[in-house]
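The values are calculated or read from the model by the stated rules, or taken from the named source; none is laboratory data. Keep in mind it's a predicted model, so treat the numbers as computed, not measured. Heads up, the Cβs are rebuilt from the backbone with ideal geometry, glycines too, and the neighbour counts pull from every protein chain shown. Side chains are part of the model used for accessible areas, which takes the heavy atoms of the whole protein and leaves out ligands, DNA and RNA. Shrake-Rupley method; radii C 1.70, N 1.55, O 1.52, S 1.80 Å.
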Amino acid sequence: MVKEQVIPILRTDDADTAVAWYRRLGFRKESEHRFGPGMPAFVTIARGEVHLFLSEHTGDARPDTLIYLRVRDVDGLARELGVKVEDAPWAREIEIRDPDGNRLRVGTPRFSA
């Protein structure tokens, strides 16, 4: 049975660089597809049940996209990345940018979802 889910597609100029960057956030590469040698890559990465698509295809996604990622321990991730955690009424959060300028707001909720 197919699990229903929403998977954001993020634009990247260099899939290998993006995969290495997302590895720091706990993502692992699942697959890569190219229509032929030298063609743009389309990569699937995952962190547990969370999936992202990274695409070198110019028409697949817009630069400067914002996605929200909920994690169990934003404080630990912030320490590892060397960024400051901000307190919002709904979560403790950080905001970071990937190598292509896509924005990720990462937070640990203050309530059980």
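Some observations on this one:
- Residue in the range 27-44 that is touching a helix residue (DSSP H, G or I) at 6+ places or on another chain (Cβ under 8 Å) and of a type in the set (D, E) present: yes
- Matching residues in the range 58-77 - criterion: being over 15 Å from the mean Cα position of the chain (by Cα) and either part of a strand (DSSP E or B) or in contact (Cβ under 8 Å) with a residue 24 or more places away in the chain (or both): T58, D60, R72, D73, D75
- Residue match in the range 40-48 (condition: open to solvent by 50 Å² or more (accessible area, probe 1.4 Å), at pLDDT below 95 and over 16 Å from R97 (Cα atoms)): yes
- E80 passes every criterion in (1) more than 15 Å from the chain's Cα centre (by Cα); (2) at pLDDT 95 or above apart from (2).
- Filter pass, R62 being among the charged types (D, E, K, R) and modelled with pLDDT of 95 or more: no
- Search result, residues across the range 93-113 that are part of a strand (DSSP E or B) and open to solvent by 70 Å² or more (accessible area, probe 1.4 Å): E95, R97, R105
- When the range 1-32 is filtered for residues that are within 13 Å of the chain's Cα centre (by Cα), surrounded by 14 or more Cβ atoms within 10 Å (Cβ to Cβ) and not in a helix (DSSP H, G or I), the ones remaining, listed by number, are P8, I9, L10, R11, T12, L25, G26, F27, K29.
- Which listed residue is more than 18 Å from P109 (Cα to Cα), in contact (Cβ under 8 Å) with a residue 12 or more places away in the chain and not small (G, A, S), from P37, P8: P8
- Test: residue in the range 74-86 that is open to solvent by less than 70 Å² (accessible area, probe 1.4 Å), under 16 Å from V6 (Cβ atoms) and not β-branched (V, I, T): no
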